Ligand SMILES: [Zn+2]
């Protein structure tokens with residue numbers, strides 16, 4: 001399985017996830033998604049869109065004191081992540 005540096009749903013670095021990532025249905029560690037996005041093989045927010053995820057991450061950044069001006073830079077790659085790619 002391919003290993004990713006950042007969560008392929010929200011873009012957070014997986015290395016900064018205290019649990020090291022989300023979990024699959026069988027309890028193994030996901031190498032693709034963080035714990036806040038993915039648990040036990042399911043997305044915690046299954047119906048969210050890429051732009052809604054951008055809004056959420058932006059709000060999170062602002063809530064943690066991140067300068068509003070830079071949040072666009074940190075969220076603009078979210079639509080390019082694996083989760084948001086159309087399935088063929
Ligand atoms: Zn995530």
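In table form, for the structure just shown:
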{"item": "Filter result for the condition that a residue is surrounded by 13 or more Cβ atoms within 10 Å (Cβ to Cβ), touching a helix residue (DSSP H, G or I) at 6+ places or on another chain (Cβ under 6 Å) and in contact (Cβ under 8 Å) with a residue 12 or more places away in the chain, over 41, 21", "result": "21"}
{"item": "Test: residue in region 5-18 that is free of Cβ contacts under 8 Å to residues at least 60 places away in the same chain, over 21 Å from residue 57 (Cβ atoms) and surrounded by fewer than 18 Cβ atoms within 10 Å (Cβ to Cβ)", "result": "no"}
{"item": "Residues that are under 23 Å from residue 71 (Cβ atoms), touching a strand residue (DSSP E or B) at 6+ places or on another chain (Cβ under 8 Å) and either more than 12 Å from the ligand (Cβ to nearest atom) or not in a loop (DSSP other than H, G, I, E, B) (or both), drawn from region 1-21", "result": "5, 6, 13, 14"}
{"item": "Top-ranked residue in region 45-88 [being crowded, with 16+ Cβ neighbours inside 10 Å and touching a strand residue (DSSP E or B) at 6+ places or on another chain (Cβ under 9 Å); ranked as farthest from residue 5 (Cα to Cα)]", "result": "83"}
{"item": "Filtered residue count, region 22-39, keeping only those that are in a loop (DSSP other than H, G, I, E, B) and within 15 Å of the ligand (Cβ to nearest atom)", "result": "10"}
{"item": "Qualifying positions in region 65-88 - modelled with pLDDT of 95 or more and farther than 17 Å from residue 8 by Cα", "result": "65"}
{"item": "Residue match in region 60-72 (condition: within 11 Å of the ligand (Cβ to nearest atom) and in a loop (DSSP other than H, G, I, E, B))", "result": "no"}
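The values are calculated or read from the model by the stated rules, or taken from the named source; none is laboratory data. Keep in mind it's a predicted model, so treat the numbers as computed, not measured. Note: ideal-geometry Cβ built from the backbone for every residue, glycine included; neighbour counts use all protein chains shown.
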